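One structure below.
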Amino acid sequence: MTYIKKPIFRHPSLPTNEIGLTYRDYEGVVSTLCAGCGHDSITASIIDACYELSLPAHKIAKLSGIGCSSKTPNYFLNNAHGFNSVHGRMPSVATGANLANRDLVYIGVSGDGDTASIGLGQYCHAIRRQLNLTYICENNGTYGLTKGQFSATNDKDSKNKKGLDNPFGAIDLAIMAIELGAGFVARSFSGDKEQLVPLLKSALQYNGFSFIDVISPCVTFNNHGYSTKSYDYIREHRSLFGELDFIPEEETINTSYAEGETVTIKLHNGNDISFKKLGADHDPTDPHKVLNTLRNNRSDGKVTTGLLYVDPDKSDLHDTLNTSSKPLNSLSMNDLCPGGEELEEINNQFR
Amino acid sequence: MSSNITYNELVIKFANVNGSGSASANTFCAKSLYRMGIPISAKNIFPSNIQGLPTWYEITISESEKLARKEKIDVMVAMNAQTYASDIDEVASGGTFIYDNSIQRKFDRDDIRVIGIPIAKLCAAEYTDQRQRQLFKNIVYLGGLSLLIGIDIDVIEKLLSEQFKGKQNLFDANIKALTIGRKYVADNIEYPLDKQVRKCNGNANKIMINGNEAAALGALYGGATVASWYPITPSTSLVEAFEKHANKLRKDKDGNINAAVIQAEDELSSVGMAIGANWNGSRAFTSTSGPGVSLMGEFLGLAYFAEIPLVLFNIQRGGPSTGMPTRTQQSDILTCAYASHGDTKHILLLPSDPNECFEFGYKAFDFAEKFQTPIMVLSDLDIGMNDWVVDQFKWDDNYSHDRGKLVTSEDIEKLKSFARYRDVDGDGIPYRTIPATHPDYGSYFTRGTSHTDTGGYTENGVIHAEMLDRITKKFHTAKEYLPHPIINLNSPKSKIGIINFGSTNVALNDAMQDLTRNGIGINHLRIRAFPFSKSVVDFINDHEFVFVLEQNRDAQMKKLLISEEDLDTNKLISILNYDGMPLTANFIVNNITEIINNNKNIKAANSPPIKIV
């Protein structure tokens, strides 16, 4: 219902963040998704994370593919440029955008159809390249816009709304991301803002490819009793993989951790994330242990959420390509065009 | 010595096995002839294979500058026993067939001269290393040939010294091989041949370059900063050349590069990256061939409808499907003009040689930003991968790159309102911002769904139709800015015309000379861009019959003319070639002559040329 104008009303006493903006300044247009859709909660968490980090909205680029999830970038950060591209191809568009300007924050929103089926190749290769992108998969296990077909993340035992079994196994995008070398991999639940917002804040501050698989129930097609992506199922089967706190740089000095309980990880930009261990084996920097735990939990029917894996030392695509430290789109034609004299030299190479 | 000696008018062809190292020897030969100042054209006819299949290299040498491929070969250097039979058939009567007679053969042509040089034996005697024995065979035949036709040895030696600069061992070894070939010919064979070469001054201010390298330089001069691509013959060398030059010419003071070259996982991704980069304000391009364009279809429609600049070089090869990856064709005209589903139309630039690849290479980026749409530069394998001798490239330092209606942060503060897709100026071209332009103004949502003039989603049919109409208006605006056709009205009284485009121009120029000499007056127009300039329509209307020469089966350019312009379709007569080889002049002359002789109406429309072209 985009024809309904959202009123621009700000209560004078609304709190502001460090750059003087209110929460309302990070909103987008009115959502047209179904009432109760998990995606709208994710949208709210993205707004929270950007507000709390005091990110200037216009220095964020939000990109998506096609599907319910991919509509959502319209519903947050009105002052950011958005790009709703083609089905499954957000990663390539985001790669090009990032190559053009390395200084912006890139948020990619995708869904399980967009990522795990039509866009699986682009997803894998964006990870391989360590693209500096926060990739959020709003995962509901179903094709909503085409009315309830199974997606590739739907579990084999799950049924659709008509009671038919899903005959194929699920692709676990988080396990895949770790295998492919993503530097930051998390899973969360749209209904758990307390977990999701710190994860988003950490992911947005991470320099490299950060992936968050957010289980986001589809209230219309996949929230019934036989679904493994319903609100009830996820609440009953979650296994928390540690608790995460995002600590801005200026606060790190005053934060104390109980010895042995937390792992503090310094990000490139000086901020810390603190990870509270729930068990002795939970070390988010050890990919082998993490993958083991994830696989074991999965066979036990548990959905592991939290910060699953982080490697604070990854380099990003620009480092690999040795591109200029200035954004390429800021270079003038004087910087870029070699000129007439140089062309004489070039001509001489072909004589 | 015979009295029939001619200079600088002959065709040499090398028949080799691919992967044997012959390519560099053959290129040395072409480059030496070019440096002797003789006009040449070189064609590499190679297989889609790494090693073991037949491959050929033809050099047409013509001081009178008739440089199209010829059907008959004057000097065949046959180094592949697999193809002796067909190679000897191609030799013109009175020509020469040179082969490796380490194994003696009998050939049943008594109208040509057969020369045997025991190249394998000579190499076996000189070199112990198996690899050297193979590689230097190529330089040995080059040495022999140089004496037979008179290639200046000093020129070859200088070329080798440049090629192997700092590698004295390699240089010495090559000189030795060259000498072995020359000595054998000097001691055993009556030389030189009747058809010889000699220095002249035909290449002043000319360079020898292929179209892919030229297009890459165009992109570099056009300010491209992002190149995303997926390897495919025959376009691969374009981005590789861009990367090579960028690494040198775009290095900043910190040693970093003011460009990003990225090999994508497929063509969908490569065009997606180029679109993302252009959306974000970088000049970006991709380079591909037919199969890649097919894969890019959906994205091309997005860039068209969301009005995102994009430059795509399509180095056409033989289709359909995988077709003939190493042969040339002009068969992607309709695919590119109408790429993607729904109502889409794209701007095409049609270079005819490496010089235009350079020129259109940089102008394409201006057009892409000016018209905020994909620009497809349709080169082909013949232009892209063969070395051409063309006028040296020129650059005017006063050239101002046109970034179109790109709104800056200062501009947007002055503007009263910003609507991304509004036709403010009446030319159909809207204003554009890029991410991070301004904290408060200018942001919008880019989408492939139908949108209002501010970029909002709409299902309102009236607004949708208005959007399509404005984009059509923009497309028509482009006509006057795109490269105009080249027109040659050498027969003002004749009512016969011919239209061509791209790489067929060399053969057509040669053919026009023959036709005019035969009293057939034909006016000529070469199309350089789509949408068509008004002068293309005027040219067709001014003639009673117009031949359309193209290298595809389905008369794609003729169809595009008919579908886009209000024309009398009966007057357009196709001349089509689709065997994958660069055209010969005879093909054109024979086709036109036959059609004219068999149709009295066309014959009546003829009037001899005023001047010989």
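An ellipsoid equivalent to the range B:166-271, defined through the eigenvalues of its Cα gyration tensor, has semi-axes of 42, 18, 17 Å when rounded to whole angstrom and sorted largest first.
Expressed in nm², what is the orientationally averaged projection area of the convex hull enclosing the Cα positions of chain A? Show your work: numbers first, answer last.
Details: hull surface 89.9 nm².
Convex hull of Cα atoms, orientation-averaged projection: 22.5 nm².
Most simply put, the protein assembly as shown has about 35% antiparallel DSSP beta bridges, counting only bridges with both residues inside it. The alpha carbons of the range B:216-275 give a radius of gyration and a Dmax of 11.5, 35 Å, in that order. Axis angle, to the nearest 10 degrees, between helix B:505-517 and the longest C-alpha principal axis of chain B: 70 degrees. I need the shape label for the range A:142-190. Rule: rounded when a/c is under 1.5, else prolate if a/b > b/c, else oblate, with a, b, c from the alpha carbon gyration tensor. Prolate.
Coupling constants for the range B:554-564 follow from the phi torsions by the Karplus curve (6.51 cos²θ - 1.76 cosθ + 1.60, θ = phi - 60°), and in residue order they are 9, 6, 5, 5, 4, 5, 5, 4, 5, 6, 9 Hz; glycine and proline get x. The convex hull around the C-alpha trace of the range B:394-466, projected and averaged over every direction, spans 7.2 square nanometres.
What shape does the protein assembly as shown take by its C-alpha gyration tensor, where a ≥ b ≥ c are the square roots of the eigenvalues and a/c under 1.5 counts as rounded, a/b above b/c as prolate, and the rest as oblate? Intermediate results must be reported in sequence, preceding the final value.
Numbers: a/c = 2.41, a/b = 1.75, b/c = 1.38.
Judged from the Cα gyration tensor, the protein assembly as shown comes out prolate (a/c at least 1.5, a/b above b/c).
Expressed as an acute angle from 0 to 90° and rounded to the nearest 10, what is the orientation of the C-alpha long axis of helix B:290-306 relative to the principal long axis of chain B? Long axis of B:290-306 versus the principal axis of chain B: about 20 degrees. Pairwise Cα separations in the range B:6-196 fall into 10 Å bins from 0 onward with the following percentages, short to long: 9, 38, 40, 12, 1.
Could you tell me the relative contact order of the range A:33-77? Use alpha-carbon pairs under 8 Å, at least six residues apart, and round to a whole percent.
Working: 21 pairs, mean separation 21.9, N = 45.
Normalised by residue count, the contact order of the range A:33-77 is 49 percent.
If contacts are Cα pairs under 8 angstrom and at least 6 residues apart, what is the relative contact order of the range B:103-252 in percent? Relative CO of the range B:103-252 lands at 21 percent. When both bridge partners sit in the range B:34-99, DSSP labels roughly 55% of those beta bridges antiparallel.
To the nearest ten degrees, helix A:339-349 and the longest principal axis of the Cα atoms of chain A are 90 degrees apart. Based on alpha carbons, the Rg and Dmax found for the range B:298-342 are 12.3, 35 Å.
Report relative contact order for the range B:340-431 in percent, whole number only (criteria: Cα-Cα under 8 Å, sequence separation at least 6).
Details: 85 pairs, mean separation 25.6, N = 92.
That works out to 28 percent.
Would you mind ranking B:CYS200, A:CYS124 so that the residue whose beta carbon has the fewest other beta carbons within 10 Å leads the list?
On the way: B:CYS200 13, A:CYS124 17.
The most exposed by this proxy come first: B:CYS200, A:CYS124.
Once you have a ≥ b ≥ c as the square roots of the Cα gyration tensor eigenvalues for the range B:88-237, tell me rounded if a/c is under 1.5, and otherwise prolate or oblate according to whether a/b is larger than b/c. Please report the intermediate quantities before stating the final value.
Values: a/c = 1.90, a/b = 1.63, b/c = 1.16.
Because a/c hits 1.5 or more and a/b exceeds b/c, the range B:88-237 counts as prolate.
Seen from every direction in turn and averaged, the convex hull around the alpha carbons of the range B:486-605 projects onto 6.8 nm².
What Kirkwood radius, in Å to one decimal, follows from the Cα pairs of chain B? Before the final figure, lay out each step's value.
Details: mean 1/r = 0.0380 Å⁻¹.
The answer is 26.3 Å.
Once the Kirkwood radius over Cα pairs is known for the range B:310-398, the Stokes-Einstein relation at 37 °C and 0.692 mPa s delivers a diffusion coefficient of 233 µm²/s. Taken about its Cα centre, the range B:209-391 carries a charge dipole of roughly 260 debye when the Cβ of each Lys and Arg holds +1 and the Cβ of each Asp and Glu holds -1. Take each residue in B:257-264, count the other chain C-beta atoms within 10 Å of its C-beta, and the mean is 6.
Please give the calculated 222 nm ellipticity per residue for the protein assembly as shown, where each DSSP H segment of at least 4 residues contributes -39500 (n - 2.57) and the sum is spread over every residue; nearest 500 deg cm²/dmol?
The helix contribution divided over the protein assembly as shown gives -10500 deg cm²/dmol.
Highest mean first, how do B:336-344, B:21-29 rank when packing is the count of other Cβ atoms within 10 Å averaged over residues? Don't jump to the answer; show the numbers that get you there.
Values: B:336-344: 17.6, B:21-29: 21.1.
Going from most to least packed, we get B:21-29, B:336-344.
Ordered by the count of other Cβ atoms within 10 Å of each Cβ, fewest first, A:CYS50, A:CYS337 give A:CYS337, A:CYS50. Across the range B:399-432, the residues whose backbone nitrogen lies under 16 Å from the label position 7 Å along the beta-carbon direction of B:GLU466 are B:418-431.
Computed packing ranks the peptides B:101-112, B:274-285 as B:274-285, B:101-112, most packed first, by mean other Cβ atoms within 10 Å. What the phi angles of the range B:449-464 give under the Karplus curve with 6.51, -1.76 and 1.60, with θ = phi - 60°, is a coupling list of 7, 4, 9, 7, 5, 9, x, x, 5, 9, 10, 7, x, 5, 5, 4 Hz, glycine and proline written as x. The share of alpha-carbon pairs in the range B:209-391 lying farther apart than 24 Å comes to 27%. For the listed peptides A:181-193, B:350-362, A:232-244, B:457-469, a ranking on the average number of other beta carbons within 10 Å per residue, highest first, reads B:350-362, A:181-193, A:232-244, B:457-469.
Counting other beta carbons within 10 Å of each Cβ, put A:GLU342, B:GLU369 in order, fewest first. Provide the component values of the computation, followed by the final result.
Numbers: A:GLU342 16, B:GLU369 25.
Going from least to most buried by this count: A:GLU342, B:GLU369.
Here, the range B:570-613 is characterised by an Rg to Rh ratio of 1.02, where Rg is the alpha-carbon radius of gyration and Rh the Kirkwood radius.
Take each residue of peptide B:443-450, count the partner chain Cβ atoms within 10 Å of its Cβ, and average: the result is 6.
Over the whole of B:214-227, what's the average partner chain Cβ count within 10 Å per residue? Rounded to a whole number, please. Walk me through the numbers before you get to the answer.
Details: counts 1, 0, 0, 5, 0, 0, 5, 9, 3, 7, 2, 10, 9, 1.
Per-residue shielding by partner chains comes out at 4.
Around the amide H of B:THR96, modelled in the peptide plane, lie the amide H atoms of B:VAL75, B:MET76, B:ARG113, all under 5 Å away and 5 or more residues distant in sequence or on another chain.
Only the coordinates and a few stated rules stand behind these numbers; no lab work does. Bear in mind that the values here come from a model prediction, so they are computed numbers and not experimental data. Using ideal geometry, Cβ is built from the backbone for each residue, glycine included, and neighbour counts are taken over all protein chains shown.
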